[in-house]
2 protein chains.
Amino acid sequence: MSAVLDHSGRDPYESRVASTPEIVGRVDPVVYARAGDKGPLTREQLRQYESQGFLEIDNLFDAGEIETLLAELDRLRRARDGLDREIDPETLILEPHSRELRSIFAIHAQSALFARLASDERLAGIARYLLGDEVYIHQSRLNYKPGFFGKEFYWHSDFETWHIEDGMPRMRALSISIALTRNTSYNGPLMLIPGSHKRYVRCVGETPDDHYKQSLRKQEYGVPDPGSLQQLYADGGIATATGPAGKIVVFDCNTMHGSNSNISPLPRSNVFLVYNSVSNRLVTPFGKKAPRPEFVATRKTFAPIAPVSGRIA
Amino acid sequence: MSAVLDHSGRDPYESRVASTPEIVGRVDPVVYARAGDKGPLTREQLRQYESQGFLEIDNLFDAGEIETLLAELDRLRRARDGLDREIDPETLILEPHSRELRSIFAIHAQSALFARLASDERLAGIARYLLGDEVYIHQSRLNYKPGFFGKEFYWHSDFETWHIEDGMPRMRALSISIALTRNTSYNGPLMLIPGSHKRYVRCVGETPDDHYKQSLRKQEYGVPDPGSLQQLYADGGIATATGPAGKIVVFDCNTMHGSNSNISPLPRSNVFLVYNSVSNRLVTPFGKKAPRPEFVATRKTFAPIAPVSGRIA
């Protein structure tokens, strides 16, 4: 674990310790691909990911593939209602203040189809290239964001939570979101703050025990303060990831993001897959609490993904 | 009151009575201007308001006027914090789950500047023309929709509430919203369902006593059911009123509208002015409960507005 501390022995990504917030610089690379590496992204895409902290790509999947994934998403929602027993109830997260299904976690471990998606070379290939390493799935989930009642996801850097609560040492992970429904300006699309990934907001306050049980519904600790967000926003603005079903957004583990509520009738359903570098596997949580359960943060197996090619059917 | 009932003696806009929802046709005109009436709108604007149920207009006010109004909005927020006593505490509505200021009601009665705005011929002139009558202010408010913590306004037809809870007989009223900050796709802009004003959704359930105390923060009764909203949305889609500060939206009292939350740092502050035809003044509430207080629904004075011309300064 000493390799992740700086020369003074201090964790460069310390958080939830001080009583006032602080913004510090990122000490890790954003793109780990080495010059000359062959990869699935253009030079312009690389440049954009490096400077903005995210990348939007259309048309990676065809309409039939997205239909197949959407049908599986619907099937899993019904499975939750007792049609069968394949889903671990602990992995089901409900909306705050309602009984609507918000998310299912660990879908790569519970659905053969989403396991196949996670290994798809179109996605895993991008992750391997950007992270310059073999990768495994640190976390996966379906976000249903149902129409009418979908609540917001407040601003957060995933990395802050993964570092403090899960023990992810460094910023060498990324998320890929695959839209399974149309994302419009009005159904609570993903919002990202361009450039925010190059700075790290140390949050104030402590982490309560078993925080994840509440935080997966509504985050209240480890959230950035308004002043820091105002500063990131003043520098980078807000980008909104709208587009057709099938569009993907690749974003760095430290890019500040969130989404507003969705009162529109149109659900905003997405698959989230988090790829971590196998060199960046989890250690003891830096917040010094018990780690979160396996379905939220993979600790037991770091076997690298073997990318699979071909259509999803 | 008999004039507002149909031939069978039934209230055509009955609501919150049945246990299943119903969508019925509007029995009132949308535009009351008579052929040959001179007015401030073009033929195209009239046509759009009639068919869509709303109209967006830029550049009615200059930048200096908007600055003046915004400064007054900020001053009133500070006044709330005890700097003076000009604001009736009952008219202050807080965000659900926080102490942030959501709205101030009856601002035309509490601020000379907003009284002046309500009488401005650029606004009152449009209301008089569309409603074909003298008008008065039925309700007014500032919506702060603060950054970070602004919660959604769920879908509603204003008229349903005004009819059932306030005793507004007919659909002969309209709202004008004046944006005092930039409205973007990401700070919870006003959303409207085009064409929804021509149908009336009878809501299910009853109205609790003193419902307004809760409903101004978060509406839970008199809300349209998901099935009816789905139907209106399938036919009309959703229009989002984004634009610069100073832009106004004029919308019919029965246009289905709402807005999502605002986690962005940018507040979405608006003035809402509701103009009612003097021929449509309030009677006993159709929901047969005690009427809501004066600051939410004007009952004591129906004196017509005398439009005032000139710049606001």
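The values are calculated or read from the model by the stated rules, or taken from the named source; none is laboratory data. Predicted model, so just to flag it, every value in this text is computed and none were measured. Please note: Cβ atoms are built from the backbone with ideal geometry, for glycine as well, and neighbour counts cover all protein chains shown. Protein only, heavy atoms only, side chains kept; ligands, DNA and RNA dropped before computing areas. Shrake-Rupley method; radii C 1.70, N 1.55, O 1.52, S 1.80 Å.
Data for the structure
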| quantity | calculated |
| --- | --- |
| Any chance B:Arg122 is away from every other protein chain (no Cβ under 14 Å), within 24 Å of B:Leu70 (Cβ to Cβ) and touching a residue at least 40 places away in the same chain (Cβ under 8 Å) | yes |
| Output for the stretch A:183-206, where each listed residue is among the aromatic types (Phe, Trp, Tyr) and within 14 Å of chain B (Cβ to nearest Cβ) | A:Tyr186 |
| Residue count for the stretch A:108-159, restricted to those that are hydroxyl-bearing (Ser, Thr, Tyr), within 30 Å of B:Asn262 (Cβ to Cβ) and at pLDDT 95 or above | 2 |
| Residue match in the stretch B:154-170 (condition: within 14 Å of chain A (Cβ to nearest Cβ), open to solvent by 10 Å² or more (accessible area, probe 1.4 Å) and either in contact with a strand residue (DSSP E or B) (Cβ under 8 Å, 6 or more places away or on another chain) or basic (Lys, Arg) (or both)) | yes |
| Meets criteria (modelled with pLDDT under 95 and in contact with a helix residue (DSSP H, G or I) (Cβ under 6 Å, 6 or more places away or on another chain)) for B:Ile87 | yes |
| Residue that is surrounded by the most Cβ atoms within 10 Å (Cβ to Cβ) [pool: residues in the stretch B:232-258 that are of a type in the set (A, V, I, L, M, F, W, C) and more than 24 Å from A:Pro267 (Cβ to Cβ)] | B:Cys253 |
| Qualifying residue in the stretch B:289-296 (condition: aromatic (Phe, Trp, Tyr), away from every other protein chain (no Cβ under 14 Å) and open to solvent by less than 20 Å² (accessible area, probe 1.4 Å)) | no |
| Candidates B:Ser279, B:Ser228, B:Ser261, B:Ser309, filtered to the one that is within 14 Å of another protein chain (Cβ to nearest Cβ), of a type in the set (Gly, Ala, Ser), touching a residue at least 40 places away in the same chain (Cβ under 8 Å) and touching an Asp or Glu at 6+ places or on another chain (Cβ under 6 Å) | B:Ser261 |
| Top-ranked residue in the stretch A:183-215 [being small (Gly, Ala, Ser) and modelled with pLDDT of 95 or more; ranked as nearest to A:Pro293 (Cα to Cα)] | A:Ser196 |
| Qualifying residue in the stretch A:116-135 (condition: farther than 16 Å from A:Ser279 by Cβ, open to solvent by 10 Å² or more (accessible area, probe 1.4 Å), touching a helix residue (DSSP H, G or I) at 6+ places or on another chain (Cβ under 9 Å) and in a loop (DSSP other than H, G, I, E, B)) | no |
| Tally, over the stretch A:231-253, of residues that are away from chain B (no Cβ under 14 Å) and not hydrophobic (A, V, I, L, M, F, W, C) | 4 |
| Verdict on B:Leu142 being open to solvent by less than 40 Å² (accessible area, probe 1.4 Å), touching a residue at least 60 places away in the same chain (Cβ under 8 Å) and in a helix (DSSP H, G or I) | no |
| Residue within the stretch B:243-256 that is hydroxyl-bearing (Ser, Thr, Tyr) and modelled with pLDDT under 95 present | no |
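Residue-by-condition table, conditions (1) more than 26 Å from A:Asp166 (Cβ to Cβ); (2) in a helix (DSSP H, G or I):
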{"position": "A:Ala35", "(1), (2)": "yes, no"}
{"position": "A:Gly39", "(1), (2)": "yes, no"}
{"position": "A:Leu73", "(1), (2)": "no, yes"}
{"position": "A:Ile93", "(1), (2)": "no, no"}
{"position": "A:His97", "(1), (2)": "yes, no"}
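Yes/no per residue for (1) touching a Ser or Thr at 6+ places or on another chain (Cβ under 9 Å); (2) among the acidic types (Asp, Glu):
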residue	(1), (2)
B:Asp235	yes, yes
B:Ser261	yes, no
B:Asn270	yes, no
B:Pro291	yes, no
B:Val296	yes, no
B:Thr301	no, no
